[in-house]
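Reviewing the structure listed below.
The values are calculated or read from the model by the stated rules, or taken from the named source; none is laboratory data. Since this is a predicted model, take the numbers as computed values, not measurements. Backbone-built Cβ (ideal geometry, glycine too); neighbour counts: all protein chains shown. Accessible surface areas use protein heavy atoms only, side chains included; no ligands, DNA or RNA. Shrake-Rupley method; radii C 1.70, N 1.55, O 1.52, S 1.80 Å.
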Amino acid sequence: MDFQRKDRYGMQDLLHIMKILRSPQGCPWDREQTHQSIRSNFIEETYEAVEAIDTEDRELLQEELGDVLLQVVFHAQMEEEQDSFRFDDVVDGICKKLIVRHPHIFSDVVAHTSEEVLKNWDAIKMSTKAQRTQSEAMDSVSRALPSLMRSAKIQQKAAKVGFDWPDVRGALDKVSEELGELKEAVAGEDAGHREEELGDLLFSVVNVARFLNIDSEYALSKACDKFVKRFSDVERLARENGMDMKTSSLEELDSLWEQAKKI
């Protein structure tokens with residue numbers, strides 16, 4: 001095997017290792033993989049890197065960024081085997097994109113603030129992707145994104161052409177309106193209508209988050225963490241009081257929940 005162990009490896013070594021793993025003499029599992037079969041791995045590794053960022057664990061972040069990079073190399077190697085494109089083409093493409101979308105750095109365009117930079121970025125992005133309308137720009141937002149994140153991106157694009165509330169009060173009123181419509185749908189028998197109205201409510205809540213400059217995805221994640229912590233306290237309080245949660249009344253459990261909130 002054409003491979004030499006080293007004390008320290010670089011990018012070319014990673015590419016070479018992946019070629020070996022995918023070769024006829026390589027790893028049976030790696031050879032069998034396709035873009036589709038490791039799609040979920042890409043998502044999982046990305047979220048693990050995000051968790052390392054959230055926990056400010058730099059050692060873990062270094063490791064997880066390596067795992068994300070492996071996914072990029074893996075997919076690029078598959079395409080190289082099909083004579084489609086290589087990893088170098090991926091690098092070339094992102095370098096050219098950065099140069100084109102930063103004319104205030106690599107050309108004569110002036111942009112002194114982040115707002116001006118983003119305005120230029122959006123205009124260039126629409127131009128290079130041949131997007132003539134904002135609805136086309138909205139449609140380009142990946143459907144594979146988490147729905148809360150996708151909602152925020154779509155709403156941001158609508159706001160750029162003036163389709164927006166003047167302030168958060170309009171967004172809050174819309175939440176109340178959608179909640180009322182959901183209650184009406186729940187009273188009915190149409191499951192599809194219930195789903196539609198629930199979606200509208202969630203979409204309107206994301207709009208409120210956008211006005212408040214809150215990442216709805218991150219806010220919901222923190223709410224999940226808070227719920228798990230409080231539920232753990234409820235279980236502990238139930239044990240301390242000799243209570244069986246499965247047979248306790250809703251009022252008893254609610255009382256434990258209020259105690260956990262104070263904790």
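Among the residues of the stretch 99-106, are any open to solvent by 60 Å² or more (accessible area, probe 1.4 Å), in contact (Cβ under 8 Å) with a residue 24 or more places away in the chain, aliphatic (A, V, I, L, M) and assigned to a helix (DSSP H, G or I)? Within the stretch 99-106, one or more residues are open to solvent by 60 Å² or more (accessible area, probe 1.4 Å), in contact (Cβ under 8 Å) with a residue 24 or more places away in the chain, aliphatic (A, V, I, L, M) and assigned to a helix (DSSP H, G or I). Please tell me if Met138 is in contact with a Ser or Thr (Cβ under 9 Å, 6 or more places away or on another chain), part of a helix (DSSP H, G or I) and within 26 Å of Phe42 (Cβ to Cβ). No: the conditions fail for Met138. Restricting to the stretch 121-153, name every residue that is touching an Asp or Glu at 6+ places or on another chain (Cβ under 9 Å), open to solvent by less than 60 Å² (accessible area, probe 1.4 Å) and of a type in the set (A, V, I, L, M, F, W, C). Passing the criteria: Met126, Ala137, Leu148, Ala152.
Looking at Arg143, Arg169, just one residue is of a type outside the set (Asp, Glu) and farther than 30 Å from Ile43 by Cβ, and that residue is Arg169.
Yes/no matrix, rows are residues, columns are (1) modelled with pLDDT of 95 or more; (2) not in a loop (DSSP other than H, G, I, E, B):
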| position | (1), (2) |
| --- | --- |
| Tyr47 | no, yes |
| Leu69 | yes, yes |
| Glu80 | yes, yes |
| Asp88 | yes, yes |
| Val109 | no, no |
| Glu115 | no, yes |
| Asp122 | no, yes |
| Lys125 | no, yes |
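Can you confirm whether Gln25 is more than 22 Å from Lys129 (Cβ to Cβ), open to solvent by 60 Å² or more (accessible area, probe 1.4 Å) and modelled with pLDDT under 95? Here the answer is yes, as Gln25 does meet what is asked. Please find, within the stretch 179-201, the residue that is farthest from Met126 (Cα to Cα) out of those that are open to solvent by less than 80 Å² (accessible area, probe 1.4 Å), in contact (Cβ under 8 Å) with a residue 12 or more places away in the chain and under 25 Å from the mean Cα position of the chain (by Cα). Among residues in the stretch 179-201 that are open to solvent by less than 80 Å² (accessible area, probe 1.4 Å), in contact (Cβ under 8 Å) with a residue 12 or more places away in the chain and under 25 Å from the mean Cα position of the chain (by Cα), the one farthest from Met126 (Cα to Cα) is Glu197.
Note on the stretch 154-168: among residues that are among the hydrophobic types (A, V, I, L, M, F, W, C) and open to solvent by less than 80 Å² (accessible area, probe 1.4 Å), the one that is farthest from the chain's Cα centre (by Cα) is Val168. Only one of the listed residues (Ile17, Ile53) is assigned to a helix (DSSP H, G or I) and either surrounded by fewer than 15 Cβ atoms within 10 Å (Cβ to Cβ) or under 25 Å from the mean Cα position of the chain (by Cα) (or both). That residue is Ile53.
If only residues of the stretch 232-257 that are of a type in the set (A, V, I, L, M, F, W, C) and touching a residue at least 12 places away in the same chain (Cβ under 8 Å) are counted, the one that is nearest to Arg210 (Cα to Cα) is Trp257. Against the conditions (1) open to solvent by less than 80 Å² (accessible area, probe 1.4 Å); (2) touching a residue at least 12 places away in the same chain (Cβ under 8 Å), Leu65 satisfies every one except (1).
Here Val228, Val208 are screened, and the one residue that is among the aliphatic types (A, V, I, L, M), crowded, with 16+ Cβ neighbours inside 10 Å, modelled with pLDDT of 95 or more and within 30 Å of Ala260 (Cα to Cα) is Val208.
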